[in-house]
Amino acid sequence: MPEAIMNQETYRQSEFARASDPSVAAGSRPNAISDTLKADVRGLSFWYDQFQALKNIDLPIAEKKVTALIGASGCGKSTLLRCFNRMHDLYPGNRYDGEIVLLPENQNIVDKGIDPIRVRLKAGMVFQKPNPFPKSIFENVASGLRVRGIRDRAVIAGRVEEVLREAALWDEVKDRLDQSAYALSGGQQQRLCIARTLAPEPELILLDEPTSALDPIATAKIEELIEKLRDHYAIVIVTHSMQQAARISAYCAFMHLGQLVEFGTNETIFTSPKEKRTQDYITGRFG
Amino acid sequence: MLPAVAQESKFRPTETYLARRRIIARLMSFLLFMAAAASVLVTTGIVYVLVSESWNFFRQVSLLEFLTDTQWTPVFAEPRFGILPLLTATLWAAGIALLIGIPLGTALAIYLSEYAPSKVREIVKPLLELIEAVPTVVFGYFALLFLTPLFRMFIPGLTGFNLLVPGIVLGIMILPYVVSVSEDAMRAVPSSLREGAYALGMTRIQTSVRVIIPAAFSGITAAYVLGMSRAVGETMVLAIAAGQNPNLTGDPREGAATITAYIVQMAMGDLPQGSLAYESIFAVGLALFVLTLFFNLVGFFLRRRFREVY
Ligand SMILES: Nc1ncnc2c1ncn2[C@@H]1O[C@H](COP(=O)(O)OP(=O)(O)O)[C@@H](O)[C@H]1O
Ligand SMILES: [Mg+2]
């Protein structure tokens, strides 16, 4: 059991410890962290029909920090990320076991009784390939607000401008907000998708290899953007780039074959990993 | 093992093979060109016949009279050739058909594409296609002998021959076209867009209306245009259930001959070739052609205007 950053004192003071079952908090929690928690994955397993893609994952997600999921292709990073917004519920035959507790609500969001749409209203997601809607730039960003019943034009216009500025896209698009989003470059489209995700103020932001379809310059812009956002949101990012994980994350989780091999602070994982498999992977001798 | 010199590789194609490949490529492009040319030729041939036969007609009846006269009485002693009665009947029937077929077809397409489990889809789609398999003459008599008497119990003023009932039946008949083409277009929308919509917290209906339909817009338009052309060109149901009497009317409860109904009626009689009534068949045929062409062009420009590249 990796317990690199287990610190019983700070852990007890954490919001998680206060919010949850004291017997769990008293000692046996793996992967505890000293930061306030936004979510806590506890004993999560996941099946695509008969195939078990996640095996008993324990993973804390810190508030206002970036948590990176790394590991070889096919190890289950996307599968895990897509549990946080119940994306798997869109397809038949998928099954969760265990918990993802969202805090401070202290609610298990993978519970069958919880409406996945309610979960997605709280957790926004950005995908590997930019996927703007076939609408104008403005309407793309506004869509998350509109589907939440917000009608006031001034409110919508104000928020659209605000998040386009946050996403460092405003200056590039302010004169053509009513043009199709498909007229933008791939990197701009991805920043648009990030703005679209930010607009309704999600509690949790999920990024699935958001830069893997982009060139280095566009990638650098997105990373810069994530660095700006990370002080305000809880972010979980899947990445295949070790440099990216090292640059932007506060915590890092290394996965292998559906299991969480090691979790720790950025520093621990990248300078003194406990597990040999982690070390092999981050130094490129693996996978 | 790497070859010592690249030229010696045994994987280099032989000259005879390359020559044969070149000949086959030329032959194929020639055959494909011929196929394309044949279809163009047939189309121009049809248009040529329509136009040249109508030419004789329009030398005797002015275009203005044809388009504005309110009477269509080609076999009277004093014949009148105003297409308006036939045209309004055609548009009434097609309009009613679209009023039924488009909302119902779109709703069904959304259901099949976005809601239905695959089992349900596999049952409903073939059932819908069965509608296409029913001979139109059966639909015609179904409208005339079953539905019209039934509707007459509820709708006062509905006559034995009328535009309303065959219009509704026509709406059902175009359903398979509207559904299958627009459902294909919706299902072709990349799942990344669908996932993007759900990830924003959209419900199914929000996803369908706000993302899937705009993304599938060009295919859906194609479906509507296809349904429209089919409704405008449909003959049997209208000839049977809407009557054969040219009647300029604003009331679909009355019967009225459509363009197509007039064409079959005349074509089945033995009109002397060269007579004005005979040539009027081609004139109204040309009008029908222009009408469908117009709707197809509208569809084409709509599609181009809203075409989306994912
Ligand atoms: N829809 C699916 N149905 C069945 N198996 C899947 C599906 N998606 C992914 N998998 C399998 O689950 C495992 C984890 O996949 P994924 O989470 O996409 O990996 P990663 O994102 O780490 O590359 C892989 O073995 C993959 O083949
Ligand atoms: Mg992945």
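The values are calculated or read from the model by the stated rules, or taken from the named source; none is laboratory data. The shown structure was predicted, so the numbers you read here are calculated from the model rather than taken from an experiment. FYI the Cβ positions are ideal-geometry reconstructions off the backbone, even for glycines, and counts take in every protein chain you see. Each accessible area value is taken on the protein alone, full model and side chains, heavy atoms only, with ligands, DNA and RNA left out. Shrake-Rupley method; radii C 1.70, N 1.55, O 1.52, S 1.80 Å.
Before moving on, here are some points about what is shown:
- Convex hull volume of the Cα atoms of region A:197-266, normalised per residue: 105 Å³.
- A viscosity of 0.692 mPa s and a temperature of 37 °C, combined with the Kirkwood radius over Cα pairs in Stokes-Einstein, give a translational diffusion coefficient for region A:235-287 of 297 µm²/s.
- Estimated FRET transfer efficiency when R0 is 56 angstrom, pair A:Ala72-B:Phe294 (beta carbons, to 0.05): 0.40
- Acute angle (nearest 10 degrees) that the helix A:186-198 long axis makes with the longest principal axis of chain A, alpha-carbon atoms: 70 degrees
- Reach of A:Lys274 by Cα under 18 Å, taken over aspartates and glutamates that are not fewer than 8 positions away in the same chain: A:Glu3, A:Asp58, A:Glu262
- ³J(HN,Hα), Karplus 6.51/-1.76/1.60, whole Hz, each residue of region B:224-231, x for Gly, Pro: 5, 5, 4, x, 4, 4, 5, 5
- Within the listed set B:Ser113, B:Ser191, B:Ser218, the Gaussian network model of chain B (springs between alpha-carbon atoms below 10 Å) gives the highest mean-square fluctuation for B:Ser191.
- Averaged over the residues of peptide A:126-134, the number of Cβ atoms from other protein chains lying within 10 Å of each residue's Cβ is 6.
- Per residue of B:199-209, other chain Cβ atoms within 10 Å of the residue Cβ number 6 on average.
- 37 °C / 0.692 mPa s Stokes-Einstein diffusion coefficient of the protein assembly as shown, Kirkwood radius on C-alpha pairs, µm²/s: 112 µm²/s
- Two-site label geometry, A:Ser241 and A:Lys112: point separation in nm, points 7 Å out along Cα→Cβ: 4.2 nm
- 5 angstrom amide H check on A:Ala213, placed H, neighbours 5+ away: none
- Estimated distance in nm for a label pair at A:Trp47 and B:Thr70, the labels positioned 7 Å out from Cα along Cα-to-Cβ: 7.5 nm
- Residue by residue along A:81-91, Cβ atoms of other protein chains within 10 Å of the local Cβ number 2 on average.
- Most to least accessible of B:Trp72, B:Trp92 (protein chains only, probe 1.4 Å): B:Trp92, B:Trp72
- Debye intensity ratio in log₁₀ form over the Cα atoms of region B:19-59, taken at each q of 0.20, 0.23, 0.28, 0.31 Å⁻¹: -0.66, -0.73, -0.84, -0.91
- Across region A:85-92, computed HN-Hα scalar couplings (Karplus, 6.51 cos²θ - 1.76 cosθ + 1.60, θ = phi - 60°) run 10, 6, 4, 4, 5, 6, 10, x Hz from first to last residue, x flagging Gly and Pro.
- Per principal axis, descending, Cα span of chain A in whole Å: 55, 42, 40
- Span from the region A:215-234 Cα centroid across to the region B:131-189 one, whole angstrom: 57 Å
- Label-to-label distance, B:Ser9 versus A:Asp280, with points set 7 angstrom from Cα along the beta-carbon direction: 3.5 nm.
- Using a Gaussian network model of chain B in which every pair of alpha carbons under 10 angstrom is joined by a spring, one finds that among B:Gly196, B:Gly243, B:Gly101 the greatest mean-square fluctuation is at B:Gly196.
- Degrees, to the nearest 10: B:259-268 long Cα axis against longest axis of chain B: 70 degrees
- Distances between placed amide hydrogens fall under 5 Å for B:Trp72 paired with B:Gly82, all partners being 5 or more residues away or on another chain.
- By average C-beta atoms within 10 angstrom, highest first, the peptides A:49-58, A:66-75: A:66-75, A:49-58
- Whole-Hz Karplus values for region B:192-208 come out as 5, 5, 4, 5, x, 5, 5, 5, 7, x, 6, 7, 4, 6, 5, 4, 4 Hz, taken residue by residue from phi with 6.51 cos²θ - 1.76 cosθ + 1.60 and θ = phi - 60°; glycine and proline positions read x.
- Protection proxy ranking, highest mean first, for peptides A:118-125, B:21-28, A:153-160, B:138-145: A:118-125, B:138-145, A:153-160, B:21-28, where packing is the per-residue count of other beta-carbon atoms within 10 Å, averaged.
- Nearest-ten-degree value, helix B:276-306 long axis tilted from longest Cα axis of chain B: 40 degrees
- When the Gaussian network model of chain A links Cα atoms closer than 10 Å, the mean-square fluctuations of A:Ser143, A:Ser45, A:Ser272 top out at A:Ser272.
- Going by accessible surface with a 1.4 Å probe and the largest first, A:His240, A:His256 read A:His240, A:His256.
- Kirkwood hydrodynamic radius (C-alpha pairs) into Stokes-Einstein, chain B, 10 °C and 1.306 mPa s, D in µm²/s: 69 µm²/s
- Between the amide H of A:Leu69 and those of A:Ile237, A:Val238, A:Thr239, A:Ala253, distances stay under 5 Å, these residues lying 5 or more places away or on another chain, with hydrogens modeled in the peptide plane.
- Residue-span extension gain [B:Ala35 to B:Ser118] - 0.36 nm each, minus C-alpha spacing: 26.1 nm
- For region B:188-236, the average shadow cast by the Cα convex hull is 4.1 nm², which is a quarter of the hull's surface.
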